[in-house]
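What follows is a single structure, written as structure tokens, with notes after it.
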């Protein structure tokens, strides 16, 4: 890898390089979408906020199913092919938002978007799981995460033009640009298996009947439990995107503009420290400890967010900045640990099916996070923040316990295999 500055690295790997290009374009589009979508749905299409919430929840449910199916298809057809097709479908679906004029069209398009995103996320995770090994898998995920955060921030800044103009035409034009950028994200992935020697064999390694028709990973209790726990931890993304803006604006004396500052703090922190936080988390026990640490950091962040409601503007601002730093540190550690568990606890012969289950946990968290965060912290204030923080801390502890037992069980299995091989080897 050739380094540019303290954060950005240009990958030499022939698969990671196009992945970085695809993620960069996709994340730039996501940043623009996050900034204008709510206003586009309500002001331009004319939907109520309740209708938008219900429609996105329905679409999210379909996305959960599509995420699991995307992993299965990645095993059968090749993760690179599914990734390419899903990315193109995702872009076209986002373009279709520009044509939506009523609630039925909105729900149909939102469902298409959610399903395409589910297929794309599972395929990308499967591609990384099959092409890279050991610590490289988590390291690649970390570097892609850095690119994603930086480009989402850039997309948010670009969308400021539409927000400043504040017209239906500006919002619709931005949605068209979002769809175009997302569609272009598929370009670096075109013909990938023709350009990269050995990629086809690697992607098709799990396409045999013994793997694609084997027992469902949903029967793997350790993996499913790890996925559920990771999904609960992933609810913290809702704290950043939903809880913090509402809390700062409506429950503290800090200036509302601080919301943007806190988002910048998160983006910069992840860009600087995500790769460092991922080191060693390919080890199962280490990954569990990383998630446990993230749980306690999130508890600390929740306490600081709650305390900000009782202070004046200056002290509240300091408390909120400290909470944002704690939450950002938790994000880098928790994500790295979750990636390690998702990769290392999986049956590598059925990487797609397992990564589909893992990404399904994230999809469920994305769907439920708004409800959980608003029903706790926003609706019940300090008590809600304490409950939310306790949830994260307990989840982190349980994850560490699960990882420790899984690591011990794997060590016993390897010792037994080694003993069996030794006993069968002629003297």
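Checking the conditions here, which among 81, 143, 130 is closer than 30 Å to residue 281 by Cβ and touching a strand residue (DSSP E or B) at 6+ places or on another chain (Cβ under 8 Å)? Steps first, answer last, please.
Details: 81 fails: touching a strand residue (DSSP E or B) at 6+ places or on another chain (Cβ under 8 Å); 130 fails: touching a strand residue (DSSP E or B) at 6+ places or on another chain (Cβ under 8 Å).
Result of the check over 81, 143, 130: 143.
For (1) in contact with a helix residue (DSSP H, G or I) (Cβ under 8 Å, 6 or more places away or on another chain); (2) more than 29 Å from residue 331 (Cα to Cα); (3) modelled with pLDDT of 90 or more, each residue gets a yes or a no:
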site	(1), (2), (3)
128	yes, no, yes
135	no, no, no
138	yes, no, no
158	yes, no, no
168	yes, yes, no
190	yes, yes, yes
209	no, yes, no
237	yes, no, no
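Taking the criterion of being under 21 Å from the mean Cα position of the chain (by Cα), crowded, with 21+ Cβ neighbours inside 10 Å, at pLDDT 95 or above and part of a helix (DSSP H, G or I), would at least one residue in region 364-382 satisfy it?
No, region 364-382 contains no residue that is under 21 Å from the mean Cα position of the chain (by Cα), crowded, with 21+ Cβ neighbours inside 10 Å, at pLDDT 95 or above and part of a helix (DSSP H, G or I).
Quick test of your reading of the structure: residue 196 fulfils all but one of (1) at pLDDT 90 or above; (2) surrounded by fewer than 19 Cβ atoms within 10 Å (Cβ to Cβ). Name the failing condition by number.
It is condition (1) that residue 196 fails.
Check off (1) touching a helix residue (DSSP H, G or I) at 6+ places or on another chain (Cβ under 9 Å); (2) over 22 Å from residue 65 (Cα atoms) for residue 101 and give me the number that stays unchecked.
(1)
Residue check: is residue 356 over 16 Å from residue 295 (Cα atoms) and modelled with pLDDT of 90 or more? If you could, list the steps in order and put the result at the bottom.
On the way: over 16 Å from residue 295 (Cα atoms): yes; modelled with pLDDT of 90 or more: no.
No: the conditions fail for residue 356.
The values are calculated or read from the model by the stated rules, or taken from the named source; none is laboratory data. Just so it is clear, the model here is predicted, and its values are computed rather than measured. Positions of Cβ are backbone-derived with ideal geometry, glycine not excepted, and every protein chain shown enters the neighbour counts.
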